[in-house]
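A.B. asks: If you scroll down you'll find the structure; I have some questions about it.
The values are calculated or read from the model by the stated rules, or taken from the named source; none is laboratory data. Just so you know, these numbers come straight off a predicted model, no measurement behind them. Neighbour counts are summed over all protein chains in view; Cβ atoms, including those assigned to glycine, are modelled from backbone coordinates with ideal geometry. For accessibility, only protein heavy atoms count, side chains too; no ligands or nucleic acids. Shrake-Rupley method; radii C 1.70, N 1.55, O 1.52, S 1.80 Å.
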Amino acid sequence: MRAFVFNAQPSRVVFGAGSLEHLEREVQLLGASRALVLCTPEQQPLADAIAKRLGARAAGVFAKAVMHVPVETASAAIDEARRVNADCAMAVGGGSTTGLGKAIALQSNLPILAIPTTYAGSEMTPIWGITENGLKKTGRDARVLPRTVIYDPELTVSLPVGLSVTSGMNAIAHAAEGLYAQDSNPVMDLMAEEGIRALAAALPCVRLNPADIAARSDALYGAWLCGIVLGNVGMALHHKLCHTLGGTLNLPHAEVHTVVLPHAMAFNAQAAPEAMKKISRALKSDDAAHGLYQLAKDNGAPVALRDIGMKEADVARVAQLAVQNPYWNPRPVNADAEGDLRELLQRAWEGAVPVV
Ligand code: NAD
C-alpha cells in the first residue's frame, strides 16, 4: 500500500427516490429559517414548488442561474440574499445553479443546501467558479461545499435523455481522471471505479426509459461517487482540455467532456496502466478509451467536436493554449507535447476512434 493523505469533506447526504420529502427536516437541521431558492429560468416551476412546500421557511426564489456564473448574476444573487435576509442558499438544479449558490456562500458564509438534478457533481466539491469579462476564475474554499445534499432521483427523470448521457459521461470523467491523480488514495479509487460502474450500467437503461427510477437512482448514485472524487483529488489533462475548449470557444460543458474523454484516456493509457485497468473493469470493456467512446456512441451522445460547434481552424489554437500552465498529468504535458495534443484534438474533432 502506498502512502496517502485522506481528507473527509464534511457534508450530509440524503439519498433516495422521494427523498425530497425530508426537505423541511433538513432545513431545520441546518438551523435555517429563510432559504433563498436558486434555479435556472427553465427550472423555475420546480423551484416554485419547493418554495411553496417550505412555506415560511422560503425567503424567495431567484431564477436567474446560467452557465459559468457570470459575476453580474452572482452579484445580483448576493444582493437578493441580503435583501430578503436569507440564512440559507438552496440550489435546485445542475452545476450552474450549484455554482451560483457557491458564489453566494463565498461572499456571505450562508450554508448551501443542494438538490442536484444533473450528474455534474459540483455539490460534492469545495470548488467555485465565477466568470468576469469572459474569463472564469476558479478556486477552492471550504465555505462553498454544500452542507446538505438531497439526491432525489425522481427529480432527474425530466433531464432530457441527451443531457442525461452527456452529464453522466461528465461525471465519469471526474472518476476516470481521479484514478490516476497524483494525490489520490485507495478510498477515492474505490469510489471512482464504483461510480463509473454504476453510471455505465445505468445510462443505457436511462436512454431506453428515462422514467426508470431504478436506473435513475443508479446513475445519481454513480454521479455522487464521481463528484466526491472530483472534490477530493486533482484533475489532469482531460479537465484542462475541456476547460480550454469550454472557456475559449464557449462549447457546451457536458458534451465537451463526452467527446474529449476517450481521447484523453488514450493519451494517458501507457502512463497510467492501473487506472486504465480499473476503468475497463468498470465499463466491462477490454480497453478504457474504446469502452468510453463506445459508451457515448451507443447511447446517442456526440463523439465529434465538429458536431458540437467547434471549427477545425481552432484545433491548433486550443492545443497551443492547453500546453500553457498545464495541470499535472501522468504523461507529461510540456511544450513538446503540443503536436501530440493537436493530433488528439484533431481526432476528437473528427469523431475518430481514439488511438491508444
Ligand atoms: P447546467 O446546470 O447548466 O444545466 C443544463 C440545463 O439543464 C439547464 O438549462 C438546466 O435548467 C437544465 N436541467 C438541469 N436539470 C434538469 C432536469 N432534471 N430536468 C430538466 N432540465 C434540467 O448543467 P451541468 O452540466 O449540471 O453544469 C455545468 C456547469 O457546472 C458548468 O459551468 C461547470 O463548469 C460547472 N461545474 C462545476 C463543478 C465544480 O465542482 N465547481 C463541477 C461540475 C460542473
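A.B. asks: Is the stretch 138-148 home to any residue that is surrounded by fewer than 20 Cβ atoms within 10 Å (Cβ to Cβ), within 9 Å of the ligand (Cβ to nearest atom) and at pLDDT below 95?
C.D. replies: Yes, that holds for at least one residue.
A.B. asks: Would you please list the contacts, defined by Cβ atoms under 6 Å and residues six or more apart or on different chains, that run from a residue in the stretch 299-322 that is assigned to a helix (DSSP H, G or I) to a residue that is modelled with pLDDT of 95 or more and open to solvent by less than 20 Å² (accessible area, probe 1.4 Å)?
C.D. replies: Here the result reads 305/259; 305/348; 315/345; 318/345; 319/341; 319/345; 322/241; 322/341, each pair linking the stretch 299-322 to a residue that is modelled with pLDDT of 95 or more and open to solvent by less than 20 Å² (accessible area, probe 1.4 Å).
A.B. asks: Hey, does the stretch 151-172 have a residue that's over 21 Å from residue 289 (Cα atoms) and assigned to a strand (DSSP E or B)?
C.D. replies: Yes, the stretch 151-172 contains at least one residue that is over 21 Å from residue 289 (Cα atoms) and assigned to a strand (DSSP E or B).
A.B. asks: Step by step: first the residues of the stretch 39-86, then only those that are within 11 Å of the ligand (Cβ to nearest atom) and among the small types (Gly, Ala, Ser), then the one that is surrounded by the most Cβ atoms within 10 Å (Cβ to Cβ). Which residue is that?
C.D. replies: Of all residues in the stretch 39-86, those within 11 Å of the ligand (Cβ to nearest atom) come to 39-47, 63, 65-70.
After this cut, where a residue has to be among the small types (Gly, Ala, Ser) as well, the list is 47, 63, 65.
Details: 47: 26, 63: 19, 65: 28.
In this case the residue turns out to be 65.
A.B. asks: Also, I was wondering about something else. Any residue at all in the stretch 225-245 that is more than 14 Å from the ligand (Cβ to nearest atom), more than 25 Å from residue 267 (Cα to Cα) and not in a helix (DSSP H, G or I)?
C.D. replies: no
A.B. asks: Then there's this: If you check residue 89 against the conditions, is it open to solvent by less than 50 Å² (accessible area, probe 1.4 Å), more than 9 Å from the ligand (Cβ to nearest atom) and either in contact (Cβ under 8 Å) with a residue 40 or more places away in the chain or within 25 Å of the chain's Cα centre (by Cα) (or both)? It would help to see each step written out before you state the result.
C.D. replies: On the way: open to solvent by less than 50 Å² (accessible area, probe 1.4 Å): yes; more than 9 Å from the ligand (Cβ to nearest atom): yes; either in contact (Cβ under 8 Å) with a residue 40 or more places away in the chain or within 25 Å of the chain's Cα centre (by Cα) (or both): yes.
Yes: the conditions hold for residue 89.
A.B. asks: Let me ask something else about it. Using beta carbons and a limit of 9 Å, which pairs, at least six apart or on different chains, have the first residue in the stretch 152-176 and more than 9 Å from the ligand (Cβ to nearest atom) and the second one aromatic (Phe, Trp, Tyr) and modelled with pLDDT of 95 or more?
C.D. replies: From the stretch 152-176, the pairs are 152/15; 153/15; 153/221; 168/119; 169/119; 172/119.
A.B. asks: Also, I was wondering about something else. For the subset of the stretch 29-38 comprising residues that are open to solvent by 10 Å² or more (accessible area, probe 1.4 Å) and hydrophobic (A, V, I, L, M, F, W, C), which member is farthest from residue 84 (Cα to Cα)? Let's see the steps before the verdict.
C.D. replies: Taking the stretch 29-38 first, the residues open to solvent by 10 Å² or more (accessible area, probe 1.4 Å) are 29-31, 33-34.
Of the ones still in play, those that are also hydrophobic (A, V, I, L, M, F, W, C) are 29-30.
On the way: 29: 21, 30: 18 Å.
For the stretch 29-38, the residue satisfying everything is 29.
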